[in-house]
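One structure below.
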Amino acid sequence: MLDHLTLQQKLSMVFTVDGGGTVGATPIPPGGLGSAGYLKSPTGLPALQIADAGLGLRNPSHIRPDGQAVELPSGLAIASTWSTDTARQGGSMIGGEAWHQGFNVLLAGGANLTRDPRGGRNFEYAGEDPLLTGKIVGATISGIQSQNVISTLKHYAMNDLETSRMTLSADIDNAAMRESDLLAFEIAVETGHPGAVMCAYNRVNDIYACENPYLLTTVLKDDWKYPGFVMSDWGGTRSSFRAALAGLDQESAGDSTDTRQYFRDILPRDVQQGRVPISRVDDMARRIIRSMYAVGLVDHPHEIAPLDVAHDMLVSQQTEEKGAVLLKNQSNLLPLDRKARIAVIGGHADVGILSGGGSTQVDPIGAPPEGVVKGPGKKEWPGDPVYFPSSPLAFMREEAPSAHITFDSGTNITQAIEAAQKADVAVVFVTQYTFEGSDAPNSMRLDGNQDALVAAVAHANPHTVVVMETGDPILMPWLPDVGAVLEAWYPGSAGGHAIARLLYGTVAPSGHLPMTFPAAAAQLAHPDIAGDGADTVFQMQFRSDQEVIYDEGSEVGYRWFDRNHAQPLFPFGYGLTYTTFQNDGLHLVQCRHNIIATFTVRNTGSRAGIDVPQIYVRLPDGGGRRLAGWNTVTLAPGESKGISVPLDPRILARFDAKQGRWNVASGHYTIWLASSSGDNSDSKSFKIDGFHISH
């Protein structure tokens, strides 16, 4: 195909335009559908219809009259399932909705690690561990692309904060970056085979990500042998020949989001004058065309059809049911008695559930684009919080038709106390809105009077359950006084139904935390966010000359807590359910470069459930423990099963930046069979014969 294209046709493929509505009232270009981006391809190739779809198909500025879609629960909820099958099913659902609506490139696959639990886009991603993130995000990408739709992998790389995100320099040693953030991307590439990688806004070691040759060429294309193309984030291109020579293959929506139209106006001149060789343009076009064929855009053109809403809502619901995390359940307060008097309080639980804001936001099905809760009408990005029309209260009444279930808004604490006193159990819904473009407050506290509300209700009724709809961990000063806590994250389009089924035990929660919940901000590697405190979201994103020195290196999240012997509120990997499990008999064997852990899992409780046994290692030279493998297993009461878990050798290794290879040292490694990163109950020392892993 490439041989039949002229130089001008090849250059036409490396620049996309705004698809309509992304920036204010941008019109839909001829041939476009109304989306993030559009490319009219040369004859013989399909146009690229590019849509935001981190959790569902976005309708920017509500530009498409029929642009509603089903949204999955947040990326953190998906990661909390620890199930690649669940992630793949969710990706397939999104990809299918896109394909039937005419879109063939989805801006999905967020794999940035949670280096700060207050990050505004943490809810889009998969937590703080590179192995879990890479596997979950890679599976999501695989699901999307199974529908003949290209998925991106983003935002490459070190785009871990929203504060100063357009200019921030993330400074980190290359070896440490390879062992943490880049390892997540590497595993996602080899698991999901994304057709495109989106480079980030920020600088990495003072060089902008979209013109960073180390990231785009040395690591991605040379070391990882990545065959797809690199597109810029919207507004992320800052040069022509520097970006092209560094490895950027396509400028995204350059007509509306970049200061100059680099690849449309300047790159042809750079080619003509010899600054960029024609062979590089050939490579750019070849990579784009290759992904179009590899994923199936050419051989399987889309077929416009109505959404299968019932099926897609069920996928979203089941993802939330597997991803919600039961953090506390004192005296088996949950599941709820179906005849008990219940006072449901707060969180707009009478009408819907909260979603995260920004480019993952979808127009809800069955409600106005602004959702079912009227806000003050914020015009600044990204606008008011959107609540989907999936009422936990209504579904709780459906689950327990004989129960007396009341609702109080929680806005008046005195009235909420009275409601709680009249009930057998009080269920308090709390919410925390996070969104693209801004990080959560340093305080990590709930907004408004919600902490006071929970404390007052718990004092009035010791049988208090707290359901949290949040995009980040929060502090819980009321934790000792409540009976149960369920982290629902942002639970997606069918979240109300899922929450009700979890509360009443129709399904048992099985989620495990993909990130550490700190006990205080002072425990973090960076207690204060550099540049925080700007007056507006716009100012916060564009603060200049900010840098974060990640001197903790690869010790991200739970690794940092373990290295510093800090006790979090809840550890990475933690999660309860309505039964109990016993894991024992850990045995390890090495066969050349393969290390296998085997053990037995037994359900010691009275109902069926899902366990997530985890294997952690500590290297001979110390540092925080590392997740090296896991499995998910469903067992009936009394049932036991032998489990085999291969350990990823890169988790056992240090990366040698000079040699460009992973080195597994000979020595004694501490291995844990655990229920979380904080579980020390079963460990042993295991001698490993060292080896090298090279590309």
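The values are calculated or read from the model by the stated rules, or taken from the named source; none is laboratory data. Note that this is a predicted model, so its numbers are computed, not measured. No Cβ is skipped: glycine too gets one built from the backbone with ideal geometry, and neighbour counts run over all protein chains shown. The area values use the complete protein model at the heavy-atom level, side chains included, leaving out ligands, DNA and RNA. Shrake-Rupley method; radii C 1.70, N 1.55, O 1.52, S 1.80 Å.
Worth a mention:
- Scanning segment 372-398 for residues that are over 30 Å from R338 (Cβ atoms) and surrounded by 14 or more Cβ atoms within 10 Å (Cβ to Cβ) turns up W381, P382, G383, D384, P385, V386.
- Unmet requirement for Q317, which otherwise passes all of (1) open to solvent by 30 Å² or more (accessible area, probe 1.4 Å); (2) under 19 Å from the mean Cα position of the chain (by Cα): (1)
- Total residues in segment 5-63, condition open to solvent by less than 60 Å² (accessible area, probe 1.4 Å) and of a type in the set (K, R): 2
- For T152, the criteria (1) closer than 30 Å to W560 by Cα; (2) among the β-branched types (V, I, T); (3) touching a helix residue (DSSP H, G or I) at 6+ places or on another chain (Cβ under 6 Å) hold in every case but one, which is (3).
- Selected residue [over 30 Å from P613 (Cα atoms), in contact with a Leu (Cβ under 9 Å, 6 or more places away or on another chain) and part of a loop (DSSP other than H, G, I, E, B)] from P27, P65, P42: P42
- Qualifying residue in segment 614-628 (condition: of a type in the set (K, R) and surrounded by fewer than 17 Cβ atoms within 10 Å (Cβ to Cβ)): no
- Unmet criterion (only one of (1) part of a loop (DSSP other than H, G, I, E, B); (2) farther than 30 Å from A176 by Cα; (3) open to solvent by less than 30 Å² (accessible area, probe 1.4 Å)) for R607: (3)
- Among the residues making up segment 399-415, those that are open to solvent by 40 Å² or more (accessible area, probe 1.4 Å) and among the hydrophobic types (A, V, I, L, M, F, W, C) are F407, I413.
- Checking the stated criteria, V467 turns out not to satisfy the condition of being surrounded by 16 or more Cβ atoms within 10 Å (Cβ to Cβ), touching a Ser or Thr at 6+ places or on another chain (Cβ under 8 Å) and among the β-branched types (V, I, T).
- Residue that is open to solvent by 10 Å² or more (accessible area, probe 1.4 Å), over 30 Å from S402 (Cα atoms) and touching a Gly at 6+ places or on another chain (Cβ under 9 Å), where the choices are D258, D249, D283, D299: D258
- Output for segment 566-595, where each listed residue is assigned to a loop (DSSP other than H, G, I, E, B) and at pLDDT below 95: R592, H593
- Residue in segment 72-117 that is farthest from V612 (Cα to Cα), counting only those that are in a helix (DSSP H, G or I) and charged (D, E, K, R): E97
- Taken together, A508, A500 contain a single residue that is part of a loop (DSSP other than H, G, I, E, B), open to solvent by less than 30 Å² (accessible area, probe 1.4 Å), modelled with pLDDT of 95 or more and among the hydrophobic types (A, V, I, L, M, F, W, C), which is A508.
- A search for C-beta distances below 6 Å between a residue of segment 671-684 that is open to solvent by 60 Å² or more (accessible area, probe 1.4 Å) and any residue that is of a type in the set (A, V, I, L, M), counting only pairs 6+ apart in sequence or on different chains, returns K684/I671.
Condition check ((1) over 27 Å from G356 (Cα atoms); (2) aromatic (F, W, Y); (3) touching a residue at least 40 places away in the same chain (Cβ under 8 Å)) across all residues:
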{"residue": "F407", "(1), (2), (3)": "no, yes, yes"}
{"residue": "A419", "(1), (2), (3)": "yes, no, yes"}
{"residue": "P441", "(1), (2), (3)": "no, no, yes"}
{"residue": "A456", "(1), (2), (3)": "yes, no, yes"}
{"residue": "V466", "(1), (2), (3)": "no, no, no"}
{"residue": "D472", "(1), (2), (3)": "no, no, yes"}
{"residue": "V482", "(1), (2), (3)": "no, no, yes"}
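- Considering segment 196-206, the residues that are under 19 Å from the mean Cα position of the chain (by Cα) and of a type outside the set (S, T, Y) include one that is surrounded by the most Cβ atoms within 10 Å (Cβ to Cβ), namely C199.
- Test: residue in segment 644-665 that is at pLDDT 95 or above, more than 27 Å from W224 (Cβ to Cβ) and in contact with a strand residue (DSSP E or B) (Cβ under 6 Å, 6 or more places away or on another chain): yes
- Within segment 65-96, considering residues that are of a type outside the set (S, T, Y) and open to solvent by 30 Å² or more (accessible area, probe 1.4 Å), the one farthest from G24 (Cα to Cα): D85
- Taking segment 362-477 as the region of interest, none of the helices (runs of 4 or more DSSP H) fully inside it holds 1 or more residues being over 21 Å from L326 (Cα atoms), in contact with a helix residue (DSSP H, G or I) (Cβ under 9 Å, 6 or more places away or on another chain) and modelled with pLDDT under 95.
- Within the set G120, G56, the sole residue that is touching a residue at least 60 places away in the same chain (Cβ under 8 Å), farther than 27 Å from F570 by Cα and either in contact with a helix residue (DSSP H, G or I) (Cβ under 8 Å, 6 or more places away or on another chain) or part of a loop (DSSP other than H, G, I, E, B) (or both) turns out to be G56.
- Residues that are among the charged types (D, E, K, R) and open to solvent by less than 10 Å² (accessible area, probe 1.4 Å), drawn from segment 473-497: E487
- Residues in segment 262-280 that are part of a helix (DSSP H, G or I) and open to solvent by less than 60 Å² (accessible area, probe 1.4 Å): Y262, F263, I266, L267, P268, D270, V271, R280.
- Only residues that are part of a strand (DSSP E or B) and under 24 Å from the mean Cα position of the chain (by Cα) were counted across segment 342-361, and they come to 3.
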